1. When you scan region A:88-108, how many residues do you find that are open to solvent by 10 Å² or more (accessible area, probe 1.4 Å) and part of a helix (DSSP H, G or I)?
2. Looking at region A:239-260, is at least one residue small (Gly, Ala, Ser), open to solvent by 60 Å² or more (accessible area, probe 1.4 Å), more than 16 Å from residue A:146 (Cβ to Cβ) and without any contact (Cβ under 8 Å) to a residue 24 or more places away in the chain?
3. Quick test for you: out of B:164, B:178, B:207, pick the one residue that is hydroxyl-bearing (Ser, Thr, Tyr), under 22 Å from residue A:242 (Cα atoms), open to solvent by 20 Å² or more (accessible area, probe 1.4 Å) and out of contact with any His (no Cβ under 8 Å at 6 or more places or on another chain).
4. On the given criteria, is residue A:222 open to solvent by 60 Å² or more (accessible area, probe 1.4 Å), within 27 Å of the chain's Cα centre (by Cα) and charged (D, E, K, R)?
5. Taking residue B:280 as the residue in question, decide whether it is basic (Lys, Arg), free of Cβ contacts under 8 Å to residues at least 60 places away in the same chain and either touching a Lys or Arg at 6+ places or on another chain (Cβ under 6 Å) or under 24 Å from residue A:238 (Cα atoms) (or both).
6. Search region A:156-202 for residues being under 23 Å from the mean Cα position of the chain (by Cα) and aromatic (Phe, Trp, Tyr), and hand back the single one that is farthest from residue A:101 (Cα to Cα).
7. List the number of the failed condition for residue A:214; all other conditions in (1) more than 10 Å from chain B (Cβ to nearest Cβ); (2) surrounded by fewer than 23 Cβ atoms within 10 Å (Cβ to Cβ); (3) not hydrophobic (A, V, I, L, M, F, W, C) hold.
Amino acid sequence: MTRRAVARTLVYLSLTVAASIVLLPLVVVLLTSLKTEKEMADADGALSLPADLLNFGNYVTAFQDGRMLSAFGNTALILLFAVGGTVLIGSMTAYAIDRFTFRFKTLVVALFLVAALVPGVTTQVATFQIVNSFGMFDTLWAPIVLYMGTDIVSIYIFLQFVRSIPISLDESARLEGANAFTIYRKIIFPLLKPAIATVVIVKGITVYNDFYIPFLYMPSEDLGVISTSLFRFRGPYAAHWETISAGAVLVILPTLIVFLFLQRFIYNGFMRGATR
Amino acid sequence: MTDTTPKAAVRAGAGAAHLAPVPARAPRRARLWRGVTPWLFLIAPLALLIIFTYAPIANMVAYSFTDWDGVSPELNYTGAENYAEIFTREDLFRVFFVSGYYLAASVVQIAAALYFATILSFNVRFRNFFKGVLFFPYLINGVAIGFVFLYFFQDGGTLDSILSLFGVTTDHAWLGTSTSANVSLAGVSVWRYMGLNFVLFLGAIQSIPGELYEAAELDGANRWHQFRYIIAPGIKPVLSLTVILSISGSLSVFEIPYIMTGGATGTETFVIQTVNLAFRFNKTGLASAAAVVLLLIILAVTWVQRRLVPDDKVDLV
């Protein structure tokens with residue numbers, strides 16, 4: 001073999017190893033979720049195949065006893081409001097900052113900028129007291145408001161896009177008698193579509209997967225979102241790995257489907273979102 | 001930020017009245033209205049920002065000097081006592097050493113991400129498949145990951161079964177001792193976050209113009225030369241951002257250890273400790289001081305990074 005061929009082989013070998021490290025734990029959990037209680041008891045290791053690949057009994061248990069339906073419902077509600085609010089608030093802020101000159105503008109910009117440096121986990125002890133004093137503790141409003149209020153990344157993303165919209169568009173609309181709100185609603189907002197897609201994806205995934213905020217602010221069982229409901233599996237199903245696995249797969253599956261359909265947008269979204 | 005102040009509006013209005021018999025009120029009102037408009041767009045965002053970011057920070061600093069328990073109406077000012085406690089009580093200070101495991105893990109993580117981003121930015125078969133597989137863990141719910149890996153490290157679980165395929169039998173409880181538990185958890189965090197770094201690096205590498213490689217190849221540069229002299233300098237801003245995110249991330253680890261071990265067997269991290277202090281032991285004062293310390297460390301790290309690598313990506317205006 002030439003040196004080039006050796007190098008190529010090593011490259012593919014490393015990729016295959018990495019891919020199996022990623023996939024193996026997930027595949028095993030999928031297999032486990034299809035096993036029966038008896039199979040689990042006298043199994044000869046985690047890698048054995050389930051006897052019946054279409055045994056969805058554990059999924060039914062996980063879905064019903066784990067109250068996953070209400071969990072998906074709560075998550076969907078929070079997603080709808082939090083993501084919608086983030087898009088509205090982020091685009092309005094970006095529009096105001098980019099298209100107007102006003103007193104204290106530098107201060108306002110600095111406030112948003114500095115807030116981006118403060119990690120949310122550090123301030124929850126004090127944020128908790130404030131949320132509590134508004135009577136939002138243990139309601140769906142707590143996560144909704146917190147997700148909306150602290151998202152600086154989306155403001156950055158919108159700002160990049162608002163800047164790229166030519167000001168001449170605003171001016172010609174203004175000559176026709178449109179005021180600032182009409183311009184925002186009829187010109188800026190529709191032109192922000194790619195940015196909105198990015199924000200919806202990045203924010204949506206963050207909200208769907210978040211554990212910390214719902215865990216702290218919504219302890220009651222009726223208000224479980226998918227992460228906290230899944231977390232509650234720990235107690236009752238502690239020894240029943242087939243049920244826990246089914247719960248985990250139920251939670252991962254929607255992410256996988258969305259990922260497969262929106263792959264390209266998701267990559268772009270994260271590249272735009274994470275570099276701030 | 002000059003001419004939309006009320007004063008300027010008045011002056012302009014008066015000037016208009018001199019020049020033409022048009023009533024001065026309409027333009028003045030229009031200009032005042034224009035001065036107010038940006039604030040109408042900013043009211044909601046600013047209110048949320050101040051209530052849920054700045055007020056908590058101010059309160060937190062205030063609580064950190066008290067012995068407040070978070071519920072009772074009375075609280076006593078205790079000076080810097082909480083801070084002294086954090087830095088002198090060994091059991092409270094220990095959590096910083098746990099961050100060391102995650103810091104070491106991020107070195108592995110960044111190296112792996114760089115390697116895969118480099119090889120996948122060239123022509124490789126099944127490129128999109130590998131890209132997708134490597135990135136996907138980042139999108140998975142943290143609780144689900146926690147369960148997947150609890151089973152992975154279980155006695156007779158995935159890892160033991162794989163090892164026995166290679167003839168290695170272990171009766172090792174992976175999460176049983178402090179060192180192996182922390183190494184295992186840090187490994188999970190590499191598994192989870194490598195994909196994000198990978199995608200960021202990949203994006204940066206692909207924004208490097210392709211002619212550069214061609215020119216280098218004509219000059220006889222091999223892959224390593226291309227990486228060393230074209231790719232590495234080209235992705236420096238993203239790389240430095242990644243380093244900063246890794247350091248602050250290592251200090252604020254919460255989800256995976258909390259879900260998997262609950263902080264037992266020496267895996268308690270700074271955030272787990274703070275959450276426990278505040279919400280389980282009702283030591284809001286002490287927890288606030290701990291949070292202030294964490295915040296200051298992260299701000300300091302960020303500040304150092306900004307000084308070392310001036311980053312033009314963060315300009316807001």
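1. Going through region A:88-108 one residue at a time, the tally reaches 8.
2. Checked region A:239-260: at least one residue is small (Gly, Ala, Ser), open to solvent by 60 Å² or more (accessible area, probe 1.4 Å), more than 16 Å from residue A:146 (Cβ to Cβ) and without any contact (Cβ under 8 Å) to a residue 24 or more places away in the chain.
3. The unique qualifying residue is B:164.
4. yes
5. yes
6. A:189
7. With (1) more than 10 Å from chain B (Cβ to nearest Cβ); (2) surrounded by fewer than 23 Cβ atoms within 10 Å (Cβ to Cβ); (3) not hydrophobic (A, V, I, L, M, F, W, C) applied to residue A:214, the lone miss is (2).
Conditions tested, residue by residue: (1) modelled with pLDDT under 90; (2) among the hydrophobic types (A, V, I, L, M, F, W, C); (3) in contact with a Pro (Cβ under 7 Å, 6 or more places away or on another chain).
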residue: B:183; (1), (2), (3): no, yes, no
residue: B:187; (1), (2), (3): no, no, no
residue: B:216; (1), (2), (3): yes, yes, no
residue: B:222; (1), (2), (3): yes, no, no
residue: B:230; (1), (2), (3): yes, yes, no
residue: B:238; (1), (2), (3): yes, yes, no
residue: B:245; (1), (2), (3): yes, yes, no
residue: B:262; (1), (2), (3): yes, no, no
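The values are calculated or read from the model by the stated rules, or taken from the named source; none is laboratory data. This is a predicted model, so every value here is computed, not measured. For neighbour counting, all protein chains shown are included, and Cβ atoms are generated from backbone atoms with ideal geometry for every residue, glycine included. Heavy atoms of the whole protein, side chains included, go into the accessibility calculation; ligands, DNA and RNA do not. Shrake-Rupley method; radii C 1.70, N 1.55, O 1.52, S 1.80 Å.
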